[in-house]
Amino acid sequence: MAFRGKEMMKKMIKKAGESNLAPGVKEQLKKCIPDTKVVMNRAKRGLYAGRHIQFGNRISEDGGNKSRRSWKPNVQEKRLFSYILDRHIRVKVTTHALCCIDKAGGIDEYLLKTPYHKMDTEMGLFWKAKIEKMYEELGQMGVVFFSPEDEAKFEQGFKDLKLAERAARRDARRQLFGWSGKQEEVEDGRTSHDETANAGDDSSDGDLHKQWVANS
């Protein structure tokens, strides 16, 4: 099923309310939203980069008979890393959109460089507005430089935090699987017993060696 850009425009105006729109906003929205392209419903949930459903004819080889058919774009589900969000984004993209993203240098750069009138899907418009707002907030933030001593302290703090997390996970596993202090003592006793046994074997080997030397 497909819908046109005019229907998208009607839905957006209905949600926002035509009386609530500032003067000139409606004209700007018309420039951003495609007017004649046929956009698939599933394109709402992905980045298609202008690749949408196409219609044409299937022509037979024998009699040249024509029958209507359609071509759908090659859509893949990918995990793309966003530096501004510092996480992966799972999104459906076309192979053409992947080439555009690689050429731009990443999903963030693609969303920033692509103009609104070419971002012809609802998801693309949403992510573009969100990324632009986050970059604007990032540009207003101040930059602070730390000394090497402070950086070393931060690294040590992160290492201590990792060690504390490992210890907490180990304690949680012990509580979950019923690991008690008696079992730890038993394990320690086994290790100490093994150490004494190994020491006894070494001493016996030494006595045998001395006895062979005396006999010789």
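The values are calculated or read from the model by the stated rules, or taken from the named source; none is laboratory data. As the structure is a prediction and not an experimental result, all values here were calculated from the model. Positions of Cβ are generated from backbone atoms using ideal geometry, with glycine treated the same way; all protein chains shown enter the neighbour counts.
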Would you point out the residue of segment 42-73, among those that are hydroxyl-bearing (Ser, Thr, Tyr) and part of a strand (DSSP E or B), that is surrounded by the most Cβ atoms within 10 Å (Cβ to Cβ)? 70
Within segment 151-163, track down each residue that is more than 25 Å from residue 84 (Cα to Cα) and of a type outside the set (Lys, Arg). 152, 156, 160, 163
Among residues of segment 95-122, those that are basic (Lys, Arg) and free of Cβ contacts under 8 Å to residues at least 40 places away in the same chain, counted: 2
Return the pairs, sorted by first residue and then second, in which the second residue is at pLDDT below 80 and not polar (S, T, N, Q), the first residue lies in segment 123-143 and is closer than 15 Å to residue 83 by Cβ, the beta carbons are less than 9 Å apart, and the residues are 6+ apart or on different chains. 127/119
Out of the residues in segment 77-86 that are loosely packed, with under 13 Cβ neighbours inside 10 Å and at pLDDT 90 or above, which is nearest to residue 50 (Cα to Cα)? 77
With 144, 91 as the choices, which residue is among the β-branched types (Val, Ile, Thr) and modelled with pLDDT of 85 or more? 91
